[in-house]
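Reviewing the structure listed below.
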């Protein structure tokens, strides 16, 4: 039997060793608002950020991870390599990320008529695609 979906979006967890650096990017630079925080078993902590109907979870484990994700965005490895946030101010948002010192891996690029993307690396090297349709 297939799953019975109850929400129109997925939630995404990013496990990090430096939650403050990720919060500076996602909360302070991209402007996602804090939905809540909670301590987790084993000494970890989660901060939940709102991104439309998606919740972005910034998680620390409370212990040293056994491994780190391979760097390099889309070409760096297989598996989860990026996620997309649809925006209506792609050029401005990309410029603000660059001005704040974040790596713009892909500058604003028209990928087909009426669709523009850019990709920015967060402090842990995870890629975030900004996508704008029209305008």
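With a cut-off of 8 Å between alpha carbons and a minimum separation of six or more residues, what is the relative contact order of the chain in percent?
It comes to 20 percent, rounded to a whole number.
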Taking only DSSP H segments of four or more residues, each worth -39500 (n - 2.57), what value at 222 nm results for the chain once the sum is divided by all its residues, to the nearest 500 deg cm²/dmol?
-3000 deg cm²/dmol
Rank-order 2-10, 18-26 by packing density, defined as the average count of other C-beta atoms within 10 Å over each peptide's residues, highest first.
18-26, 2-10
If the chain between residue 39 and residue 131 were fully stretched, how many nm would it gain, using 0.36 nm times the residue separation less the Cα-Cα distance?
29.8 nm
Burial order of peptide ranges 89-99, 107-117, 122-132 (average beta-carbon count within 10 Å, highest first)
122-132, 89-99, 107-117
What length, rounded to one decimal in nm, is gained on full extension from residue 89 through to residue 53, with 0.36 nm per residue of separation minus their alpha-carbon distance?
11.1 nm
Value of Rg/Rh across the chain [Cα atoms, Kirkwood radius]
0.98
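Since every read-out is calculated from the coordinates, none of them should be taken as a lab result. In this text, all values refer to a predicted model and were calculated from it rather than measured experimentally. Here Cβ is always computed from backbone atoms with ideal geometry, including for glycine, and neighbour counts include all displayed protein chains.
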